[in-house]
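Peer 1: Structure provided below as structure tokens; questions to follow.
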Amino acid sequence: MNHKLYELINAYQVQDEQEKRDRAMMLKLIALFPDIITRNNDIAHFTASPWIINRDHTKVLMVYHHIYDSWSWCGGHLDGVNDPFAVALKEGKEESGLAELRALKKDPLALNLLPVHGHFKHNEYIASHLHLNLTYLCEADDRAPLSIKTDENSEVKWCSVDEINRIVTEKAMLPVYQKLINKMTAFFVTGEMTKR
């Protein structure tokens, strides 16, 4: 069993029924599968995402994702790396072209079980499975240069928080993004920034 990941998920403070049940499922899957941080586990595996906001907290960085054919957050598979925080930062930089990305909080902002429907990637069929995703709150300069990651996305842009419901066509993700917006707002309102 991956004890480090188990401890991280177990310590996460759930805020609602979705998080309570998703956390319980993640803990079960960690205990069941020793390969839970690799794609060798084709039932479920861990991913990490940065929720990237600009410095005045009015915009979110989004990429146009090939597989989902929608505007989406950045993120990727742990692929054997036992540090979701580091993976989230790496994926955020790789998928956006940002040279600098600053974490506002080292603990996860949110956790979610995300169903992935069967699809083709690099001419290979990937069967439906679950992403066990941890999201981290990050900040970047919205004037910094951006670039696409051609094998994964075709566009990268900053969009206003209000724009997300209009541009995201992957409807199942809208509640996930809204929750992240709510948590981001609460993070600043409660003054958690000063507690880091």
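The values are calculated or read from the model by the stated rules, or taken from the named source; none is laboratory data. A quick note: this is a predicted structure, and the numbers were derived from the prediction, not measured. A quick note on method: Cβ atoms are made from the backbone with ideal geometry, for glycine too, and the neighbour counts reach across all protein chains shown.
Peer 1: When you go through (1) farther than 26 Å from residue 179 by Cα; (2) out of contact with any Leu (no Cβ under 7 Å at 6 or more places or on another chain); (3) in contact (Cβ under 8 Å) with a residue 24 or more places away in the chain one by one for residue 125, which number turns out not to apply?
Peer 2: (3)
Peer 1: Please state which of the following conditions residue 6 fails to meet, knowing it meets all the rest: (1) outside any loop (DSSP other than H, G, I, E, B); (2) of a type outside the set (Gly, Ala, Ser); (3) buried (at least 17 other Cβ atoms within 10 Å of the Cβ).
Peer 2: In the conditions (1) outside any loop (DSSP other than H, G, I, E, B); (2) of a type outside the set (Gly, Ala, Ser); (3) buried (at least 17 other Cβ atoms within 10 Å of the Cβ), residue 6 misses (3) alone.
Peer 1: Ok, one more. Being part of a helix (DSSP H, G or I) and of a type outside the set (D, E, K, R) is the filter here; which residues of segment 75-98 pass it?
Peer 2: Within segment 75-98, 84, 85, 86, 87, 88, 89, 92, 96 meet the criteria.
Residue by residue, here is whether (1) in contact (Cβ under 8 Å) with a residue 24 or more places away in the chain; (2) out of contact with any Phe, Trp or Tyr (no Cβ under 6 Å at 6 or more places or on another chain); (3) of a type outside the set (Asp, Glu); (4) at positive phi holds:
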residue: 40; (1), (2), (3), (4): no, yes, yes, no
residue: 44; (1), (2), (3), (4): yes, yes, yes, no
residue: 56; (1), (2), (3), (4): no, yes, no, no
residue: 62; (1), (2), (3), (4): yes, no, yes, no
residue: 66; (1), (2), (3), (4): yes, yes, yes, no
residue: 74; (1), (2), (3), (4): yes, yes, yes, no
residue: 79; (1), (2), (3), (4): yes, yes, no, yes
residue: 84; (1), (2), (3), (4): yes, yes, yes, no
residue: 87; (1), (2), (3), (4): yes, yes, yes, no
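Peer 1: Residues in segment 41-74 that are assigned to a loop (DSSP other than H, G, I, E, B), modelled with pLDDT of 95 or more and farther than 20 Å from residue 109 by Cα: how many?
Peer 2: 2
Peer 1: Report those strands (runs of 3 or more DSSP E) wholly inside segment 99-170 carrying at least 2 residues which are surrounded by 14 or more Cβ atoms within 10 Å (Cβ to Cβ) and of a type outside the set (D, E, K, R).
Peer 2: Output list reads 110-116, 129-140, 153-160.
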